[in-house]
Amino acid sequence: MSKSRPSRFAIVLSAFVFPGAGQVYQGRWAAAGIFGAAFLLCFVAFLVQAFRIIRVFYSLAFEFDRTDTPEIGLGAAVVWFLLAMLVYGAGLIDTQRAYLRERHRRALQRLEGGDNAV
């Protein structure tokens, strides 16, 4: 983090922009890469499953001579969605904890008289 006072802006970035953006703002590149890549992987896998479901739905709607019922695969889409939300939540918690650690570290420095920043 920079020499200035720790900011909650990192938490806002992780919540509203993309998981990992808050870690980038905090200068934690490895954590940013892990959370960003994990979320992107889970979200893309969810989208692939969602498009498969949509394709099956439309094939049922426009193929009138079909006698079999195709497998929809809703379970896989739910699993990938839940994994994406788990990574999203873990990224928010990680950003918040890093913010609190930095704030605590600066408070200890102020108590010891090593830093005059507020």
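Every number in this text was worked out from the coordinates using simple rules, so none of it is lab data. Note that this is a predicted model, so its numbers are computed, not measured. All Cβ positions, glycine included, derive from the backbone under ideal geometry; neighbour counts span all protein chains shown.
What trypsin sites (Lys or Arg not before Pro) in region 20-113 are in a loop by DSSP, with at most 16 other Cβ atoms within 10 Å of the Cβ?
66
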- Say R0 is 22 Å: what FRET efficiency, to the nearest 0.05, do residue 58 and residue 79 get from their beta-carbon distance? 0.45
- Please get the size of the charge dipole for the chain, origin at its Cα centre, with Cβ charges of +1 on Lys and Arg and -1 on Asp and Glu, quoted in debye to the nearest 20. 860
- Note on the structure: Tilt, helix 29-62 to longest principal axis of the chain (alpha-carbon atoms), in degrees rounded to tens, equals 20
- Message: Students often get this wrong, so try it: which of [x] 21.9, 81; [y] 23.6, 75; [z] 13.9, 43 is Rg and Dmax of the Cα atoms in Å as calculated from the structure shown?
- Response: [x]
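Order by neighbour count: 35, 9, 81, fewest other Cβ atoms within 10 Å first, most last. Walk me through the numbers before you get to the answer.
Values: 35 26, 9 12, 81 17.
With the sparsest Cβ surroundings first, the list reads 9, 81, 35.
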- Task: Could I have the simple spin-label model distance between residue 69 and residue 103, label points 7 Å from Cα toward Cβ, reported in nm to one decimal?
- Result: 5.3
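Which value at 222 nm does the chain reach when only helices count, each DSSP H run of 4 or more adding -39,500 (n - 2.57), with the total divided by all residues and rounded to the nearest 500 deg cm²/dmol?
Working: 4 runs with 87 residues, N = 118.
Rounded to the nearest 500, the figure is -25500 deg cm²/dmol.
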